[in-house]
Amino acid sequence: MKSLAEWPRWLRVLVLIACGVSPMALADSPAPAKRELRILHIMSYHSPWRWTDRQLEGFQEEMKGLPATYKVFQMDTKRMSATESKERKGLEARALIESWKPDLVYSSDDDAQEYVARHYVNATIPFVFSGVNNQPAAYGFAGSSNVTGVLEQEHFVQSVMLARKIVPDARRIALIFDDAKMWEPVRARIESAMPQLAGMTIVAADTVLSFADYKRKIAEYQNQADIIGTIGIFNLKDADGKNVPYQEVQRWTVENSKLPDFAFWIDRVYYGTLCAVTVSEREQGRAAGRMARTILTAGKRPSSFAMVPTTKGVPVISLARARKLGLRLNSDLLLGAEIIQRFEWDQP
C-alpha cells in the first residue's frame, strides 16, 4: 500500500479537507539551513611548504561536501630557535581555540601536539592529528576519549634499499640528526629495522647542534660511509644561534658531499637528496580527514579509531643529484620511481 506522501497531490488535498486539515499543510517548507562547522587546523610548521600544505589538502579532500569554515594557525616552529617561542605560539593557538570554539581541531606534526593538543586530552572538543612521529602516549593521547589521528612512520628499510639499487656496493650507513625530540622514536625504529638490511651496518648516528658541526661531520663521512641518511637538519644553528633553513643545508650538502644520500620526504629530494621512499603527506591528511568526517557526521567517538601510521610510500629519485654524483640509473629505476629532474633552486 502506498504511503500518503506517494498519493497524487489532488487526492491528498481531498483527504486533508475531509479530515478538517488545511491544504496549506502540503506547502513545501524550506529545509533548515545546515550549520557551518568550524574546523581549526593547527600546523606545527608554516605555509607555503609542501609537507604541511599537502596534509591540509588531503584532509579537505575527505571533508568535501560538508559545510565548513576553516581557520589555519601556523606555529612556524621549524624556523624558531627557542623553546620559549614555541610555547608562546602554543598559548596563542590555545587562546584561539577558546575564543573561536571550533567543532574539531586538526593538528599536524609533533609540535602542535606538544604545545597545544596535549592540553585538551579528555576535553569535549575532538582532536584529530597527522604527521606525528612520537608515540601517542608521549602526549597523553593513549586511552584519551577525544584525541585520535595518524602516525608518521618513516620508510627506512625501503629508502635504504632504493639507495642500494642505485649504489649496489653500499654497505656502511651514516645517519645525522639535529636535537629535536621527534627523532628519538625514529632512531629506535631504525635500530630495530636494521636486521632487515643484511650485510649493512650503521657506522655513525650523530646528533649535531650547529651548521658548522654538520659540515664537519659530512666531511668525516666521506671516508667512513657509503651512504648518508640526512634525517634531522632543521635545528642546526648558525654563528648567531639562529636556525639555518634546511634548504640552505641541503644545497651545501649537494655542493660539498660526494656520497649518495637518502631521507624520507619528497621535499628533501626536490632540494637535492638523492632518493627517498617518502611518507605521503596527502595520504596522511586524507586518513585524518576520513576520521574527522566520521566523527562530525556519524557521531563516532575519537577513541574508537586506532592511532596507526599510513602505509603508502612513494619512491622518489633526484636525477639532478644522480648526474652530479656521476651515477647512472637503469630503466627499471626510472620507470618505478617519481623522478625529480632539477634542483629546486634551478627551477625556471
Which condition does G285 not pass, out of (1) under 30 Å from A170 (Cα atoms); (2) touching a Lys or Arg at 6+ places or on another chain (Cβ under 8 Å); (3) modelled with pLDDT of 95 or more, if it passes all the others? (1)
With the requirement that a residue be out of contact with any strand residue (DSSP E or B) (no Cβ under 6 Å at 6 or more places or on another chain) and β-branched (V, I, T), what does the range 89-120 give you? I97
Could you go through the range 73-88 and let me know if any residue there is among the hydroxyl-bearing types (S, T, Y), touching a strand residue (DSSP E or B) at 6+ places or on another chain (Cβ under 6 Å) and at pLDDT below 95. yes
Going by the conditions given, is I227 among the β-branched types (V, I, T), crowded, with 19+ Cβ neighbours inside 10 Å, in contact (Cβ under 8 Å) with a residue 60 or more places away in the chain and under 28 Å from E338 (Cα atoms)? yes
Given the condition assigned to a helix (DSSP H, G or I), surrounded by fewer than 20 Cβ atoms within 10 Å (Cβ to Cβ) and touching a residue at least 60 places away in the same chain (Cβ under 8 Å), answer yes or no: does some residue in the range 237-249 qualify? yes
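Residue-wise test of (1) aliphatic (A, V, I, L, M); (2) assigned to a loop (DSSP other than H, G, I, E, B); (3) at positive phi; (4) not assigned by TED's automatic domain parsing to the domain that holds Q55.
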site: I218; (1), (2), (3), (4): yes, no, no, yes
site: Y221; (1), (2), (3), (4): no, no, no, yes
site: G229; (1), (2), (3), (4): no, no, no, yes
site: V254; (1), (2), (3), (4): yes, no, no, yes
site: L259; (1), (2), (3), (4): yes, yes, no, yes
site: F262; (1), (2), (3), (4): no, no, no, yes
site: R268; (1), (2), (3), (4): no, no, no, yes
site: A287; (1), (2), (3), (4): yes, no, no, no
Please name all residue pairs, on different chains or six or more residues apart, with Cβ atoms under 8 Å, provided the first residue is in the range 295-306 and is touching a residue at least 40 places away in the same chain (Cβ under 8 Å) and buried (at least 18 other Cβ atoms within 10 Å of the Cβ) and the second residue is assigned to a loop (DSSP other than H, G, I, E, B) and of a type in the set (K, R). I295/R301
Out of D103, D110, report the one residue that is surrounded by 22 or more Cβ atoms within 10 Å (Cβ to Cβ) and either touching a residue at least 60 places away in the same chain (Cβ under 8 Å) or under 27 Å from E154 (Cα atoms) (or both). D110
Residue selected from the range 115-124 under the condition in contact with a helix residue (DSSP H, G or I) (Cβ under 8 Å, 6 or more places away or on another chain), surrounded by fewer than 21 Cβ atoms within 10 Å (Cβ to Cβ) and not basic (K, R), by the criterion farthest from K71 (Cα to Cα): V121
Selection within the range 136-160 - touching a residue at least 60 places away in the same chain (Cβ under 8 Å) and part of a helix (DSSP H, G or I): P136, F156, Q158, S159, V160
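The values are calculated or read from the model by the stated rules, or taken from the named source; none is laboratory data. Worth saying up front: this structure is predicted, and the values here are computed from it rather than measured. With ideal geometry, Cβ positions are generated from the backbone for all residues, glycine too; neighbour counts draw on all protein chains shown.
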